[in-house]
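Report on the structure given below.
The values are calculated or read from the model by the stated rules, or taken from the named source; none is laboratory data. Since the structure is predicted, the reported quantities are computational estimates derived from the model, not experimental observations. When we count neighbours, we look across all protein chains shown, and the Cβ atoms used for this are built from the backbone with ideal geometry, even at glycine. All accessible areas refer to the heavy atoms of the entire protein, side chains included, with ligands and DNA or RNA removed. Shrake-Rupley method; radii C 1.70, N 1.55, O 1.52, S 1.80 Å.
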Amino acid sequence: MDVVFTRTGERRYGVTVTGPGLTPRGMNPAPGYDDHIPHDLVHYVVEAELKLSAGLYGRAAEGGGSFRLQGDMPGRRERSRLQRRAKKREAHLRRRDHAGSADMARSERLAAVCDAVWRKRRAAAQGVERPPWVVPPEIPAEDRQAVERIVARLDEIAALWSTLNVGDSLTFTWPNATPVR
């Protein structure tokens, strides 16, 4: 599955997921725009780096997720059928996640931590704030190491995102956290 993050306006972006056997779906506008790195892109990097198969993007790869259908549909009836199928698939994937790995909750928690750590360190590097924020002690040891790796990846991706013009995109192939511009 390809995940495309597109800068759609001066302070807007959209996310599209496409792939073999998947009807193109997306969000436009997507929530949490930021000039440096948008919220859903942080989520993507967390889930890709940790290989969270039941997070937002793992679910999307399996036909679930909260993305809306995009593109031309043969008719209102077909669109409704596909939307019902996606909702049913998402409900199944959500139940499976709650009964097992809890990837979505882990994704939400670590996306918030990684975003905060990245922003604080960025501010400290620019001399705006000292000292840089560190990973909270309640984060498990295996996730603490992952946070450091993810924050380093966010540095790389933010450098790319911040140079995009309106209409430009970064494309990722799930679950790879290295973009193709």
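Every residue in the stretch 7-22 that is open to solvent by less than 30 Å² (accessible area, probe 1.4 Å) and under 14 Å from the mean Cα position of the chain (by Cα), please.
Those that are open to solvent by less than 30 Å² (accessible area, probe 1.4 Å) and under 14 Å from the mean Cα position of the chain (by Cα): TYR13, GLY14, VAL15, VAL17.
Let me spell it out: the conditions are (1) over 26 Å from ALA60 (Cα atoms); (2) modelled with pLDDT of 90 or more; (3) among the charged types (D, E, K, R), and ARG149 meets all of them except one. Which number is the exception?
(1)
From TRP133, TRP118, grab the single residue that is at pLDDT below 85 and either of a type in the set (Phe, Trp, Tyr) or part of a strand (DSSP E or B) (or both).
Going through TRP133, TRP118 in turn, the sole match is TRP133.
Tell me yes or no: at least one residue of the stretch 88-109 is out of contact with any helix residue (DSSP H, G or I) (no Cβ under 6 Å at 6 or more places or on another chain), of a type outside the set (A, V, I, L, M), at pLDDT 70 or above and farther than 18 Å from HIS43 by Cα.
Yes - at least one qualifying residue is present in the stretch 88-109.
Keeping to the stretch 38-68, report how many residues are open to solvent by less than 60 Å² (accessible area, probe 1.4 Å) and either under 12 Å from ALA111 (Cα atoms) or in contact with a Ser or Thr (Cβ under 6 Å, 6 or more places away or on another chain) (or both).
Residues in the stretch 38-68 being open to solvent by less than 60 Å² (accessible area, probe 1.4 Å) and either under 12 Å from ALA111 (Cα atoms) or in contact with a Ser or Thr (Cβ under 6 Å, 6 or more places away or on another chain) (or both): 16 in total.
I want to confirm something. Restricting to the stretch 154-181 and keeping residues that are touching a Leu at 6+ places or on another chain (Cβ under 8 Å) and hydrophobic (A, V, I, L, M, F, W, C), which single residue is most open to solvent (accessible area, probe 1.4 Å)?
The residue in question is VAL180.
Do we find that THR178 is of a type in the set (Val, Ile, Thr), assigned to a loop (DSSP other than H, G, I, E, B) and at pLDDT 80 or above in this structure?
yes
Tell me, please, whether a residue that is among the charged types (D, E, K, R) and in contact with a Lys or Arg (Cβ under 8 Å, 6 or more places away or on another chain) can be found in the stretch 116-125.
The answer is no; no qualifying residue exists.
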